[in-house]
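Q: A single structure is presented below for examination.
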Amino acid sequence: MASCLQTLTSQFENRQAMIDYFSLLMPSDSAPLSEMQGGMSNALTRISQLNLEAYSRDRNYLTGHVSRLSPYIRHGLLSVADLNGTLAQQYPASVRARFIQQLAWRDYFHQMHSARPTQVWQDAETYKTGFSAKDYAQALPEDIALGQTGIKLIDQLIDQLLTQGYLHNHARLYLASYVVHWRRVAWQVGARWFLVHLLDGDIASNNYSWQWVASTFSAKPYIFNLDNLRRFAGETLDCDHPTNALFDASYEALAEQLFPYLTSEANG
Ligand SMILES: Cc1cc2nc3c(=O)[nH]c(=O)nc-3n(C[C@H](O)[C@H](O)[C@H](O)COP(=O)(O)OP(=O)(O)OC[C@H]3O[C@@H](n4cnc5c(N)ncnc54)[C@H](O)[C@@H]3O)c2cc1C
């Protein structure tokens, strides 16, 4: 048995040598490499490129000035406390507030997780969708796993997840909402799927965010429509494709369609 186990090489002369080594180990995996590159020097370069004034204005847009620091934080190259200290020397409190707020969300989810470690895969509350937990599928539909739903912008988002291992926060919200509310798949299933592919896969931030979308950790389900997509994602996703038509409605109409057992009062 022991002879079957092979120790993987972990030291390489350069990035290309590492790529060649893993290509040999996984010859059938022809997926392109993610644009995200690890290592401390890349993390420091990203910090030096931060523009927190622009971040405060446009972080919700898929083309916004987000940091893409999450994989470095997730893998322990940067601590939230150090980052906070470094930024405090460079920016006044009013400018760094929005960014620090996001780091605080991460800290909050981690504190939740360490206070209740066994709860991280359980519904914190019941769904506020008119459905109960047993109404949600326990397996990821194959078309979602493969990024072949036939809905242009959803497939574009899944492609980014599978090839880049990174999605903008708003893109994560759209995709999670589609999985849970349009396809009625349990949030745990979607959360597991994200954890497999995200380079910043972090059980606390990920699972509580999925629960927030699902409404088991928030007052109501998160949904979106095509107007919202056009506004925040129009420059990067093909929003005008006819297959996106299922999102082309008002929030009221979508809520009635997706959550038919809720009273109109609850939908509002
Ligand atoms: C469904 C879903 C799943 C998610 N899964 C993960 C995950 O597995 N790992 C993860 O680190 N984040 C997760 N997030 C939170 C957030 O989307 C990412 O942290 C953020 O998009 C990372 O990109 P960034 O570094 O450019 O963020 P920036 O906007 O530049 O934010 C700076 C840092 O703040 C933290 N942060 C930002 N937004 C959030 C947030 N909403 N919640 C918690 N921390 C935040 C991250 O550490 C991030 O690197 C998830 C969000 C959703 C909606």
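Q: How high is the relative contact order of segment 133-262, in percent, counting Cα pairs under 8 Å that sit 6 or more residues apart?
A: Relative contact order comes out at 24 percent.
Q: Where does each of MET18, MET40 land when they are ranked from fewest to most other beta-carbon atoms within 10 angstrom?
A: By the 10 Å Cβ count, ascending, the order reads MET40, MET18.
Q: Turning to a different aspect of this structure: Work from the charge dipole of the chain (Cβ charges, +1 for Lys and Arg, -1 for Asp and Glu, about the Cα centre) and give the residue of TYR136, ALA124, PHE224 farthest towards its positive end.
A: ALA124
Q: Just to confirm a number: summing +1 for Lys and Arg and -1 for Asp and Glu over residues other than TYR55 whose beta-carbon lies under 13 angstrom from that of TYR55, what do you get?
A: Cβ neighbours under 13 Å give a net charge of +4.
Q: Here's something else I'd like to know. Quick one: longest stretch of the chain between exposed loop GluC sites (Glu not before Pro), exposed meaning at most 11 other C-beta atoms within 10 Å and loop per DSSP?
A: The segment 36-234 is the longest one with no such site.
Q: Let me check against my output: what whole-number percent is the relative contact order of segment 1-138, with C-alpha pairs under 8 Å and at least 6 apart?
A: RCO, segment 1-138: 16 percent.
Q: Measuring from label point to label point, each 7 Å out along Cα→Cβ, what is the THR7 to ARG184 span in nm?
A: Rounded to a tenth, the inter-label distance reads 5.4 nm.
Q: Given axes a ≥ b ≥ c from the Cα gyration tensor, I'd like to know whether segment 36-115 is rounded (a/c under 1.5), prolate (a/b larger than b/c) or oblate.
A: Here segment 36-115 falls in the rounded category.
Q: 5 Å is the cut-off here: which amide hydrogens, built 1.01 Å from N in the peptide plane, fall below it relative to ALA137, excluding neighbours closer than 5 in sequence?
A: Here VAL185, ALA186 satisfy the definition.
Q: Let me ask something else. If I take every Cα pair under 8 Å that is 6 or more residues apart in the chain, average their sequence separation and divide by the length, what percent do I get for the relative contact order?
A: The value is 20 percent.
Q: Please give me, ordered by residue number, the trypsin sites (Lys or Arg not before Pro) of segment 82-188 that lie in loop per DSSP and have at most 16 other Cβ atoms within 10 Å.
A: Those that pass, being in a loop and sparsely packed, are LYS128, ARG184.
Q: A further question follows. Divide by every residue of the chain the summed helix terms, -39500 (n - 2.57) for each DSSP H run of at least 4, and state the resulting mean residue ellipticity at 222 nm, rounded to the nearest 500 deg cm²/dmol.
A: -14500 deg cm²/dmol, from helical runs alone.
None of the figures in this text is laboratory data; all of them are computed from the coordinates on show. Source: prediction; values computed, not measured. So basically every Cβ, Gly included, is an ideal-geometry build from the backbone, and we count neighbours across all protein chains shown.
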